[in-house]
1. Determine, for F:Lys67, A:Lys35, the number of other Cβ atoms within 10 Å of each Cβ, and report the residues in order from fewest to most.
2. Quick one: of the DSSP bridges fully inside segment C:3-64, what percent are antiparallel, nearest 5?
3. In whole angstrom, how long is each semi-axis of the equivalent ellipsoid of the protein assembly as shown, when you take the square root of 5 times every eigenvalue of its Cα gyration tensor and sort them from largest down?
4. Just tell me which lysines come within less than 22 Å, Cα to Cα, of F:Lys35; anything on the same chain fewer than 8 places away is out.
5. Using the crude model of +1 on Lys and Arg Cβ and -1 on Asp and Glu Cβ, and no other charge, please compute the dipole size for chain D relative to its Cα centre, in debye to 20.
6. Summing Lys, Arg as +1 and Asp, Glu as -1, what charge do residues with Cβ under 13 Å from the Cβ of D:Val47 carry, D:Val47 excluded?
7. Go ahead and set up a Gaussian network model of chain B, Cα springs under 10 Å, then flag whichever of B:Ile22, B:Ile54, B:Ile44 fluctuates most.
8. When the helices in chain D are scored as -39500 (n - 2.57) per DSSP H run of 4 or longer and the sum is shared across all residues, what 222 nm value do you end up with, to the nearest 500 deg cm²/dmol?
Protein chains: 6
Amino acid sequence: MPYVNIRITREGATAEQKARLIQGATQLLVDVLGKNPQTTVVTIDEVDTDNWGIGGETITARRKQGK
Amino acid sequence: MPYVNIRITREGATAEQKARLIQGATQLLVDVLGKNPQTTVVTIDEVDTDNWGIGGETITARRKQGK
Amino acid sequence: MPYVNIRITREGATAEQKARLIQGATQLLVDVLGKNPQTTVVTIDEVDTDNWGIGGETITARRKQGK
Amino acid sequence: MPYVNIRITREGATAEQKARLIQGATQLLVDVLGKNPQTTVVTIDEVDTDNWGIGGETITARRKQGK
Amino acid sequence: MPYVNIRITREGATAEQKARLIQGATQLLVDVLGKNPQTTVVTIDEVDTDNWGIGGETITARRKQGK
Amino acid sequence: MPYVNIRITREGATAEQKARLIQGATQLLVDVLGKNPQTTVVTIDEVDTDNWGIGGETITARRKQGK
């Protein structure tokens, strides 16, 4: 019954990559805790770079500085 | 003062349906715990079917299989 | 496949009341959106009154003022 | 290492305002708890007014009533 | 910069198992999206079985029924 | 109506510090976006150091290494 939420910046993750994140996170819960994959839920939130910050700066600003 | 977050797949819920979810969740907190509805907050997140998985598969993939 | 998270202050909700919240939230998703209850997940977070604020004040402080 | 999530209604916050929220929330954690800003993450979720409710009503409905 | 939140029922996960979840989730983001592990944050929430429901029932109730 | 969730490691934040976080986050939303403080909600989650990771390691492990 686990619930996993993965938050990433919206920078072009493909449907195939998101499917791999969902598969991998589900398998991780099976491998480490023996959870039932059939009731393991994974959601992915893609957040605009204007809406994500680290170090007090938006990712938009950091990308412009080449960080 | 409760806060309720409802996450569903983005598959065409109407404004009227979302209003009913908000009304129903608020009333539930009033009925069960006697909470004040005026400070009960409900948010609804609609998540793309590529970004939601169960059983290690995306909802997009499951819909194609008729699940 | 909905996921519902209910956050309330930790002020003595009983196991029976929490079971009613889970049942009621699940039924709401069935009634309004026709969701499958078997894959509807509800979690309840009970948050200490020192850790919850509204109006810029903690609930602990508000309770002392009779709010 | 703190993680801050700010949820607001989607009603036209500008990139500059969102940058100020990120900067201010990060500074708050530095000032109050001495946290390292370089590993402090802030995300902002903008939620449609149809998807946000208080007092059992959507914000869309409340705006129409001048609330 | 990803942020991953893993929610599981509080049923005795060990510190070593939780460390493996954190390591595995971080590696997943590196492998699939090439994210920097140094700024990838993972949190684990352990939720009481009275506070988690699926199918409209608490996990406490389901465990008693041998589910 | 904003909702702010602040997640920190459980390492001894005092009630007074948590009250300052709540006050500061509320004021930030007033200052930047002109939000009404009376309906601004702030919650603080304190997460065990075994349950928080960065760089693929738990905070418990990092503290032992003097990080």
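1. On the way: F:Lys67 10, A:Lys35 17.
Fewest-to-most ranking of F:Lys67, A:Lys35: F:Lys67, A:Lys35.
2. Details: 2 of 9 bridges.
Looking only at bridges with both residues in segment C:3-64, the antiparallel portion is about 20 percent.
3. Working: eigenvalues 149, 148, 99 Å².
That gives 27, 27, 22 Å for the three semi-axes.
4. C:Lys67, D:Lys18, D:Lys64, D:Lys67, F:Lys18
5. On the way: 9 positive and 8 negative charges, 31 e Å.
Around 140 debye, computed over chain D.
6. Details: positive: B:Arg7, B:Lys18, D:Arg7, D:Arg10; negative: A:Asp45, B:Asp45, B:Glu46, D:Glu11, D:Asp45, D:Glu46, D:Asp48, D:Asp50.
Taking every Cβ under 13 Å from that of D:Val47, the sum is -4.
7. Highest fluctuation of the listed residues: B:Ile54.
8. Numbers: 2 runs with 25 residues, N = 67.
For chain D, the value works out to -11500 deg cm²/dmol.
Every read-out reported here was derived from the displayed coordinates using simple, explicitly stated rules and does not represent laboratory data. All figures in this text were calculated on a predicted structure; none of them were measured in a lab. Using ideal geometry, Cβ is built from the backbone for each residue, glycine included, and neighbour counts are taken over all protein chains shown.
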